[in-house]
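Everything below concerns the one structure shown next.
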Amino acid sequence: MSRRSWVLFLSLAALWGASYLFIKVSLDDDLSPPFIVFARTALAALVLLPVAAYLGALAGVRERLAPLFVLGAIQVTGPFMLITIGEQEISSSLTGILVAGAPIFTFLLAFALEGEERATPLSLAGVALGIAGVALLLGVDAPGGTAALVGGLLVVLATTGYAVGAWYLKRRVPGVQPVGAVATTCAASALMTLPVALLTFPDHVPSLAASGSLVALGVGGTGIAFVLFYSLVGTDGPRTTSLVAYVAPGFSVIYGVVLLDESFGLTTAAGLVLIVGGSWLAVNGGARRELPARSVDVAPAGQANGRPDAALLEREPEGADRVTA
């Protein structure tokens with residue numbers, strides 16, 4: 001990686017890792033989860049739609065609006081809402097760590113539904129380690145009793161939405177360029193959450209911190225972050241770019257501990273190592289079956305709801321479907 005690529009890579013990890021900090025600050029100002037998700041996706045769409053139009057990436061979107069709206073519900077609205085609701089009960093750093101387990105569910109779904117992943121001792125060990133990390137964090141390190149446990153489980157459930165959305169995108173939305181798909185699903189999510197956001201519209205003027213967090217979350221953590229993501233995919237390939245998923249949780253922890261005075265003990269550290277390490281083993285320890293020519297073996301995840309260009313993926317088919325944010 002060049003110096004420029006390293007700067008973009010670390011900037012992307014910092015932006016995605018900060019998402020949970022921005023959500024927490026917005027929640028602390030009594031902004032509702034539907035309003036936060038609406039603001040986030042609407043602002044992201046305002047950034048991404050012009051970029052997609054400039055790149056000519058909206059071709060084919062009109063013909064596939066229905067599946068793109070379904071994708072928006074599965075992979076944007078649902079996970080974003082679950083994460084935001086869950087984070088009402090758990091810390092931002094814990095949220096970032098739990099979301100890092102998304103590649104495990106993507107691996108399990110690919111293994112169970114399509115046979116695109118073949119289990120190996122290493123990949124199975126990774127799944128076991130990741131699940132153990134989740135159990136450790138929710139069973140020991142989530143203060144707040146039942147409410148915190150439910151909140152953590154909602155965040156984990158959100159990661160399964162990323163996996164299902166990745167599967168759906170690959171099979172039901174062919175022919176749409178990745179930036180166009182991301183921009184459209186963000187716009188669709190904003191439209192879907194608008195009615196509920198209006199019903200839960202804040203009865204006060206949001207604080208400067210909350211307003212700034214919403215702008216940073218939508219424009220930076222979702223919109224600009226994807227511009228950086230695809231720039232890195234174009235210069236360094238999806239495999240290298242996908243490594244950001246393992247760096248972003250570290251930024252989440254740093255932000256939470258330093259800026260929000262969240263606790264970080266040995267149990268949290270152990271959970272972080274188990275989940276991130278388990279995710280890496282699940283992804284990189286498996287054997288992938290040979291795919292037909294011209295197939296696109298990739299799909300987005302999380303605050304990362306897009307996929308690299310098919311031509312790039314044919315050259316380097318593994319890794320980019322593991323990115324979450």
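Brief remarks on what is shown
- Cα gyration tensor shape of the range 141-181, rounded if a/c is under 1.5, else prolate or oblate by comparing a/b with b/c: prolate
- Residue separation of TYR168 and LEU55 scaled by 0.36 nm, minus their Cα-Cα distance, works out to 38.3 nm of gained length.
- Three-way shape label, the range 154-211, alpha-carbon gyration tensor, a/c 1.5: prolate
- Working note: Cα atoms of the range 10-52, range along each principal axis, descending, whole Å: 33, 25, 10.
- Compared with the alpha-carbon gap, the fully stretched path from ASP261 to VAL205 is longer by 17.6 nm at 0.36 nm per residue.
- Cα gyration tensor category, rounded, prolate or oblate, for the range 1-113 with a/c compared to 1.5: rounded
Read-outs throughout are calculated quantities, based only on the coordinates presented, and are distinct from any laboratory measurement. Quick caveat, the model's predicted, so the values are computed rather than measured.
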